[in-house]
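Trainee: One structure, pasted below without further comment.
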Amino acid sequence: MHESSLLPATWNVPEEFHDRLGKRAGRQRTMVAEGHLLIILHAAPNPDDMNRKGRFFWREPDAIWHDTEFQGGPDALNRHLQEYEEILEDFDEKIDQATSSVEYLEVLNHLGPVHRSLCHATQALQMAREAVPKDKILIDYRDNSYRLERTAELLIEDAKNSLEYLIAKRAEEQAEVSARIELSSHRLNLLIAYFFPIATLSTIFGSNFRHGYEQYMTPIPFWVMVAAGLALGFLIHLFLKRGTNQKAK
């Protein structure tokens, strides 16, 4: 009896399997000894999990399967992969429904560990298939794992492309808003250029000191001041417009 072994005590597996196992499941892999096959896989991971939950699948030389998670039989590996498939289907829906960068980032953070786990599972199942080349069911499991691995990879690419599109769209919107603000500011500057001289002259001649205009009964000096202010404003307007055209070039 092996107190520190991760395998059930009722499993009559080769001693080599116990010797090669530590206190944790470790990486996903396949062990072969005396015709026995031990496949070590991980349950679907969460990004916050520091340790992966191991699942052990033991195949006896006469093709009898045992596992530590399900109810045994050759279908246990299939049910293990079905859990990954359900998770990927859920991620596919989340990508379709995502509307913000936070939602896309959350999907990517979850999909990354799942994709890596499927990659290693495919490698472990390939090792099992090579160890028992006549067992056709291992070929199906290996191919199914690869299909899920490819699906996860495509979902990651889809999420990244959608996130990049969202960022580009937001950048375009920001550029349009900045262009409108710049245009409004330019128009305001031109408007100020027209009326700034008039306001300045009005301020000067509206001060409380004698300027000689009191002797005139007609508003001719006022209109002269307005005309002079508009003329100066037009000159400032041309100067600002010329500077803007040079920057555009």
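The values are calculated or read from the model by the stated rules, or taken from the named source; none is laboratory data. Source: prediction; values computed, not measured. In this analysis, Cβ positions are derived from the backbone assuming ideal geometry, glycine residues included, and neighbour counts consider all displayed protein chains. Surface areas here come from the heavy atoms of the whole protein model, side chains and all, with no ligands, DNA or RNA. Shrake-Rupley method; radii C 1.70, N 1.55, O 1.52, S 1.80 Å.
Trainee: Looking at the range 32-52, I want the residues that are in contact (Cβ under 8 Å) with a residue 60 or more places away in the chain and charged (D, E, K, R) and have a partner that is part of a loop (DSSP other than H, G, I, E, B) and buried (at least 16 other Cβ atoms within 10 Å of the Cβ) with Cβ atoms under 9 Å, at least 6 apart or on another chain. Which pairs are those?
Mentor: Final answer for the pair search is Arg52/Ala25; Arg52/Gln28; Arg52/Ala43; Arg52/Pro45.
Trainee: Among the residues that make up the range 67-81, is at least one of them of a type in the set (Val, Ile, Thr) and in a loop (DSSP other than H, G, I, E, B)?
Mentor: yes
Trainee: Looking at (1) assigned to a helix (DSSP H, G or I); (2) not assigned by the TED database to the domain that holds Arg150, which is the one condition that is false for Asp90?
Mentor: For Asp90, the exception is condition (2).
Trainee: For residues that are modelled with pLDDT of 90 or more and open to solvent by 40 Å² or more (accessible area, probe 1.4 Å), scanning just the range 36-61, find the one that is nearest to Leu148 (Cα to Cα).
Mentor: Residue satisfying both the conditions and the ranking: Glu60.
Trainee: Answer yes or no as to whether Glu157 is open to solvent by 80 Å² or more (accessible area, probe 1.4 Å), out of contact with any Lys or Arg (no Cβ under 8 Å at 6 or more places or on another chain) and modelled with pLDDT of 70 or more.
Mentor: Here the answer is yes, as Glu157 does meet what is asked.
Trainee: Condition first: farther than 25 Å from Leu41 by Cβ, of a type in the set (Ser, Thr, Tyr) and open to solvent by 30 Å² or more (accessible area, probe 1.4 Å). Can you find one or more residues in the range 135-150 that meet it?
Mentor: Looking through the range 135-150, none of the residues is farther than 25 Å from Leu41 by Cβ, of a type in the set (Ser, Thr, Tyr) and open to solvent by 30 Å² or more (accessible area, probe 1.4 Å).
Trainee: Cβ-Cβ below 8 Å, separation at least six or inter-chain, first residue in the range 165-187 and in a helix (DSSP H, G or I), second surrounded by 10 or more Cβ atoms within 10 Å (Cβ to Cβ): which pairs?
Mentor: Pairs that qualify, where the first residue is in a helix (DSSP H, G or I) and the partner is surrounded by 10 or more Cβ atoms within 10 Å (Cβ to Cβ), are Leu166/Ser100; Leu166/Ser101; Leu166/Tyr104; Ile167/Ser101; His186/Thr244.
Trainee: Ok, one more. If I filter the range 89-117 down to residues being among the aliphatic types (A, V, I, L, M) and open to solvent by 30 Å² or more (accessible area, probe 1.4 Å), which single residue comes out as farthest from Ala168 (Cα to Cα)?
Mentor: Step by step, filter the range 89-117, then rank; the result is Leu108.
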